[in-house]
1. Hey, can you tell me all the residues within the stretch 280-302 that are surrounded by 13 or more Cβ atoms within 10 Å (Cβ to Cβ), of a type in the set (A, V, I, L, M) and without any contact (Cβ under 8 Å) to a residue 60 or more places away in the chain?
2. Out of (1) open to solvent by 40 Å² or more (accessible area, probe 1.4 Å); (2) not in a loop (DSSP other than H, G, I, E, B), the odd one out for Thr323 is which?
3. Answer yes if at least one residue in the stretch 243-258 is open to solvent by less than 70 Å² (accessible area, probe 1.4 Å) and assigned to a loop (DSSP other than H, G, I, E, B), and no otherwise.
4. Looking only at the stretch 85-101, count how many residues are of a type in the set (Gly, Ala, Ser) and over 11 Å from Ala120 (Cβ atoms).
5. How about the stretch 204-227: which of its residues are open to solvent by less than 50 Å² (accessible area, probe 1.4 Å) and without any contact (Cβ under 8 Å) to a residue 24 or more places away in the chain?
6. If Val44 satisfies every condition in (1) at pLDDT 90 or above; (2) within 28 Å of Thr182 (Cβ to Cβ) but one, which is the exception?
7. With the checklist (1) free of Cβ contacts under 8 Å to residues at least 24 places away in the same chain; (2) at positive phi; (3) part of a helix (DSSP H, G or I) in hand, flag the one item Glu277 doesn't pass.
8. Regarding the stretch 188-203, can at least one residue be identified that is over 23 Å from Arg319 (Cα atoms), among the hydrophobic types (A, V, I, L, M, F, W, C), in contact with a strand residue (DSSP E or B) (Cβ under 6 Å, 6 or more places away or on another chain) and crowded, with 18+ Cβ neighbours inside 10 Å?
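The values are calculated or read from the model by the stated rules, or taken from the named source; none is laboratory data. Remember, predicted model here, so these are calculated numbers, not experimental data. Note that we place each Cβ from the backbone using ideal geometry, even for glycine, and neighbour counts take in every protein chain shown. Protein only, heavy atoms only, side chains kept; ligands, DNA and RNA dropped before computing areas. Shrake-Rupley method; radii C 1.70, N 1.55, O 1.52, S 1.80 Å.
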Amino acid sequence: MAILNAFDLLTKPPGELPSVAAVFGSDTTLRSWVISALCEGGDVTSFDGDTVRWSDLRDDLATASLFDFDGKRAIIVRDADKFVSSQRPELEKYAAKPGTSNRFILDLSSLASNTRLYKAIAGDHLVVACASTADKKTGVTAASRRKFLCGYVAKRHNAVLAADAADALVEMIGDEIGMLETEIAKLALYRAPGETIDEPLVRDVVAGWQGKTVWQITDAIASGDAAEAMRQLDKLMSGGQRPIALLPQIAWSLRRLGMATSVVEHREREGRPIQLEDALSAAGIHRPAEIQQAKKQLRGLGRARGKQLLPWLLDADLRLKGTHSADGRDRFLLEQLVMRMAKSS
């Protein structure tokens, strides 16, 4: 039937829902919303993927709803990764010839596209990728995520969200949809119905004490005060902030300092020296007060650390979304990054 990303399915649901659907991805909020959309209007029976076996499902998959004569009953296997690994042959057979009485939904954290099960479901039924990070494989872009936040998510709270406000939210707290929705719900309380949530409101409200602490971390990194940077980082994480959400906040200003350093380096290699103010402007720093603060931070960082900021931040971002995504490992990685960046030459 189709391979969709969650943004497309939620904003433009297909006219005919499939007999089998695989809903997978790292964003659990998107997976929850997609499954709710696929189950809307019918009975729902859920099974735990860690304990269920195919024999437990056989009768349910062959039994129509006793209460809803017009719609299909939805049978969901939650956290189905282990179930899929152990029951793959049975699932492949069912996907080839599913029953007509129910809608069978697999809820997974991942599903390899080179497997026969993936191809069988994608070919005749529906696969939905639930990730909010921009990625060509899932069809998600920064623009489609912005549109989803300003449309679908904002409407859930009767809010009007400006595009630059959506971008600011992603910069400050990351791209996890559940966290973004929580902040949009809070921001909606600051505006009357129909009034726009703009970027200044986002930066004022969302930042709060946490935003001030992030700036303190940035200043401590720039000045080479690793102990202070670690104290402030611990304050944020003890307050409940997750490393995956903290990294974009810390990286927002440091990335611009790294970009300014790269501009200076590039111009010098071409034999065309550039004023630091112009390099900062090219990196997106325009306000006089911000320029002065950035100049102070760049002097504190020095050329050697400034050149390393972009590769360090990129490496940390990739690791937090991959090898270091588990609890404990994510904190270790972020602490290691802050120590590395704050180490004075």
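1. Listed by number, the residues that qualify are Leu280, Ala282, Ala283, Ile285, Ile291, Ala294.
2. (2)
3. Kept after step one, since they are open to solvent by less than 70 Å² (accessible area, probe 1.4 Å), are these residues of the stretch 243-258: 243-254, 256-258.
Narrowing the set further to residues that are assigned to a loop (DSSP other than H, G, I, E, B) leaves none.
No, the stretch 243-258 contains no residue that is open to solvent by less than 70 Å² (accessible area, probe 1.4 Å) and assigned to a loop (DSSP other than H, G, I, E, B).
4. Step one: of the stretch 85-101, the residues of a type in the set (Gly, Ala, Ser) are 85-86, 95-96, 99, 101.
If we keep only those that are over 11 Å from Ala120 (Cβ atoms) as well, we get 85-86, 99, 101.
Number satisfying all stated conditions: 4.
5. Looking only at the stretch 204-227, we keep the residues that are open to solvent by less than 50 Å² (accessible area, probe 1.4 Å), and these are 205-208, 210-211, 213-214, 217-218, 220-222, 224, 226.
Answer for the stretch 204-227, where residues must be open to solvent by less than 50 Å² (accessible area, probe 1.4 Å) and without any contact (Cβ under 8 Å) to a residue 24 or more places away in the chain: Val205, Gly208, Thr213.
6. For Val44, the exception is condition (1).
7. (2)
8. Scanning the stretch 188-203, I find at least one residue that is over 23 Å from Arg319 (Cα atoms), among the hydrophobic types (A, V, I, L, M, F, W, C), in contact with a strand residue (DSSP E or B) (Cβ under 6 Å, 6 or more places away or on another chain) and crowded, with 18+ Cβ neighbours inside 10 Å, so the answer is yes.
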